[in-house]
1. Within the range 58-89, take every residue that is outside any helix (DSSP H, G or I) and among the small types (Gly, Ala, Ser) and give me the one that is surrounded by the most Cβ atoms within 10 Å (Cβ to Cβ).
2. How many residues does the range 205-224 contain that are farther than 19 Å from Thr235 by Cβ and of a type in the set (S, T, N, Q)?
3. How many residues does the range 254-278 contain that are out of contact with any Phe, Trp or Tyr (no Cβ under 9 Å at 6 or more places or on another chain), in contact (Cβ under 8 Å) with a residue 24 or more places away in the chain and more than 16 Å from the ligand (Cβ to nearest atom)?
4. Can you find, within the range 271-285, the residue that is most open to solvent (accessible area, probe 1.4 Å) among those that are assigned to a helix (DSSP H, G or I) and not aliphatic (A, V, I, L, M)?
5. Return a yes/no flag: does the range 296-304 have any residue that is in contact with a helix residue (DSSP H, G or I) (Cβ under 9 Å, 6 or more places away or on another chain), under 16 Å from Glu102 (Cα atoms), open to solvent by 10 Å² or more (accessible area, probe 1.4 Å) and assigned to a helix (DSSP H, G or I).
6. Within the range 218-267, work out how many residues are open to solvent by 40 Å² or more (accessible area, probe 1.4 Å), in contact with a strand residue (DSSP E or B) (Cβ under 9 Å, 6 or more places away or on another chain) and closer than 19 Å to Met196 by Cα.
7. Give the residues of the range 213-263 that are at pLDDT 95 or above and in contact with a Lys or Arg (Cβ under 6 Å, 6 or more places away or on another chain), sorted by residue number.
8. Scan the range 211-235 for residues that are within 16 Å of the ligand (Cβ to nearest atom), part of a helix (DSSP H, G or I) and not hydrophobic (A, V, I, L, M, F, W, C) and jot them down.
Amino acid sequence: MPLTLASIRRAPKALLHDHLDGGLRPATVLELAEACGYDELPATDADTLGTWFRDAADSGSLERYLETFAHTVAVMQTPEGLRRVARECVEDLAEDGVVYAEVRFAPEQHLNRGLTLDEVVEHTLAGFREGEELVAAAGGRITVVCLLTAMRHAARSREIAELTVRFRDRGVGGFDIAGAEAGYPPTRHLDAFEYMRANSAHFTIHAGEAFGLPSIHEALAYCGCDRLGHGVRITDDISVPGAIADAELGLVAKYVRDTRIPLELCPSSNVQTGAVPSLDKHPFDLLARLRFRVTVNTDNRLMSDTTMSREMLKLVETFGYGWSDLERFTINAMKSAFIPFPDRLKIIDDVIKPGYAVMLG
Ligand SMILES: [Zn+2]
């Protein structure tokens, strides 16, 4: 089966790093803004608004990129807004052939109209369940798990960690911290991570995106994260003087590879925020060849104007990957998911392997 956008869309895909507030449909942003009286959007029609989001995100700075979220977060402050965005997220991912997704968002950013943290999570989870039911009713299949994010510049991470554990049996799979990296090292939130570890709960940390190796080292050595959000700057600890096979790894890079720490790589987003200069310079291929546990992710589908299938196609076009590579990246992601081991295995055996067997012919 030739590798095209259409054929990749039919292949089963697993997504670990996708932001709920970074994946809205432009038309939904407009309609929700109208419904809740938010009048600060930079455009009045869906096409122009979609283009605005992409262009603003293309500026090459993480700080500027993060500004675009003021608009999406503004229309996600009501039960209806949260439910609809969550439901449509599930429908859009399923439409793209994603069979398993972990979608994250920061509940603390959705309290402007009086909802409590618990209510924000409840409405969002209800939207995810509605989306799953709609997909199932239409003959599709998708499992969506929610991750709760704390903002690294704020001081609510312990509270959000507790919220994560409180909802662990109701659709929340793990915890994360996100936001501007420079000046806000993960160790600022040590008590939150200690709480997660004490409760045998999973977490990932955005680290090694805008900021270098020290951020990754802290996330692993002091915070004890299960996965790295992005982690592209792990390359600061790898030198390749000649052939890739002779690459020299420093202690942190060795640790990441030896312990199979999953890297949640987001090719388009990493280029947009300036974490890597261009797609052909993205270390995805180097890390894949060195057998790090690499995974393909979307990060923010609206800001990057992307989908899982498009991210995979870009990698295929840039690095020449085939179906067996895409299958390996997908199994990498599924192995690294924050759901019980038997459930991961079931999706790998029942959905992913048979799906790629068809593609491989
Ligand atoms: Zn992210």
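1. Of the range 58-89, the ones outside any helix (DSSP H, G or I) are 58-61, 68, 75-78.
With among the small types (Gly, Ala, Ser) added as a condition, the list becomes 59-61.
Working: Ser59: 15, Gly60: 13, Ser61: 13.
Selected residue: Ser59.
2. If we filter the range 205-224 for residues that are farther than 19 Å from Thr235 by Cβ, which is where we start, we get 222-224.
If we keep only those that are of a type in the set (S, T, N, Q) as well, we get none.
Here the count works out to 0.
3. Total meeting the criteria: 1.
4. Lys281
5. Start the filter on the range 296-304 by keeping residues that are in contact with a helix residue (DSSP H, G or I) (Cβ under 9 Å, 6 or more places away or on another chain), which leaves 296-304.
With under 16 Å from Glu102 (Cα atoms) added as a condition, the list becomes 296-301.
Now drop any that are not open to solvent by 10 Å² or more (accessible area, probe 1.4 Å), which leaves 301.
Subset that is assigned to a helix (DSSP H, G or I): none.
Checking the range 296-304: not a single residue is in contact with a helix residue (DSSP H, G or I) (Cβ under 9 Å, 6 or more places away or on another chain), under 16 Å from Glu102 (Cα atoms), open to solvent by 10 Å² or more (accessible area, probe 1.4 Å) and assigned to a helix (DSSP H, G or I).
6. Residues flagged as open to solvent by 40 Å² or more (accessible area, probe 1.4 Å), in contact with a strand residue (DSSP E or B) (Cβ under 9 Å, 6 or more places away or on another chain) and closer than 19 Å to Met196 by Cα within the range 218-267 amount to 2.
7. Gly224, Arg260, Pro262
8. Ser215, Arg233
The values are calculated or read from the model by the stated rules, or taken from the named source; none is laboratory data. On a predicted model such as this, the values are computed, not experimentally measured, just so you know. Note: ideal-geometry Cβ built from the backbone for every residue, glycine included; neighbour counts use all protein chains shown. Protein only, heavy atoms only, side chains kept; ligands, DNA and RNA dropped before computing areas. Shrake-Rupley method; radii C 1.70, N 1.55, O 1.52, S 1.80 Å.
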